[in-house]
Every structure is written in C-alpha cells, then in structure tokens.
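Undergrad: Take this structure, written in structure tokens, and hold onto it; I'll ask about it next.
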Amino acid sequence: MADPVDNLQSTFVPEYMVTTAFTLEGYKIVRNLGVVRGIVVRSRSVFGTIGAGLQTLVGGNITLYSSLCEKTRQHAFDLMLTHAAELGANAVIGARYDATEIMSGVTEVLAYGTAVVVKQAPA
C-alpha cells in the first residue's frame, strides 16, 4: 500500500490518517493547514418518523434513527476529509463531531478537525 504522504493530491484524506489526538503516531507534522469541516443538515422523512414512532412503542434501540445518525455522521466526516485534501493535507488531527437541532426534525451535524501535512518519522 502506498504511503499517504506520497499522495497529497488525492480527493480525500484516508480514514486511517484521521485521529482525535493531536499527534499521529509514527508521523511528524510538517505543516498545519488550519481547521477543516464537513457540515450536513438533515431532516427526518415522514415515513421515517412514523416508523421510528412505532419502534418507540416496543422500546429498545430505535434503529431507523441510529441508521440515519450514522449515515449523517459519515457524510459529514467524508466532507471534512475532502475539504482537508483540497487544502493539500494528508492527515487530520483533533477530529471531533458536533450536532445542533436547527428546528424540530432538522439537525446539523458538523465534523471538524485540523488539516495537516505529515511525513513518516524516522525509525
């Protein structure tokens, strides 16, 4: 597998080059490119709301909402990785998520972090 350091022109940063930490083990940060983000605003469909409402009657995990949340987080994450690659990054450190309900049934999900250029640290 090619090292992501050698491929700075990819359309997105590989997921394994993203961390919630502020360092990336085995790599040295050579340039900080700033904050990157991916923002998605989603609403529930009428059918999803009805289906989830029926699931609440039974109790337990509301899989329709879990699935929607996971897809939305992944979409925001992918947008963040694309934003980082557009700046020339090959890694993202300090990755985080945030969510805000804009109005009833409409939620914004934000994935953000710091885009960096890294090179493999000497052994």
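Undergrad: From 52, 91, 21, grab the single residue that is surrounded by 15 or more Cβ atoms within 10 Å (Cβ to Cβ) and modelled with pLDDT of 95 or more.
TA: Just a single option satisfies the conditions, and that option is 91.
Undergrad: May I ask you to list pairs of residues, at least six apart or on different chains, whose Cβ atoms are under 6 Å apart, with the first in region 59-78 being surrounded by 15 or more Cβ atoms within 10 Å (Cβ to Cβ) and the second being at pLDDT below 90?
TA: Listed by first residue and then by second, the contacts come to 62/52; 62/55; 64/48; 64/51; 64/52; 65/52; 72/42.
Undergrad: State the number of residues belonging to region 24-35 that are open to solvent by 40 Å² or more (accessible area, probe 1.4 Å) and part of a strand (DSSP E or B).
TA: Here the count works out to 8.
The values are calculated or read from the model by the stated rules, or taken from the named source; none is laboratory data. What you are looking at is a predicted structure, and each value in this text was computed from that prediction instead of being measured. All Cβ positions, even for glycine, are placed from backbone atoms using ideal geometry, and neighbour counts span all protein chains on display. The accessibility values were calculated without ligands, DNA or RNA, using every heavy atom of the protein model including side chains. Shrake-Rupley method; radii C 1.70, N 1.55, O 1.52, S 1.80 Å.
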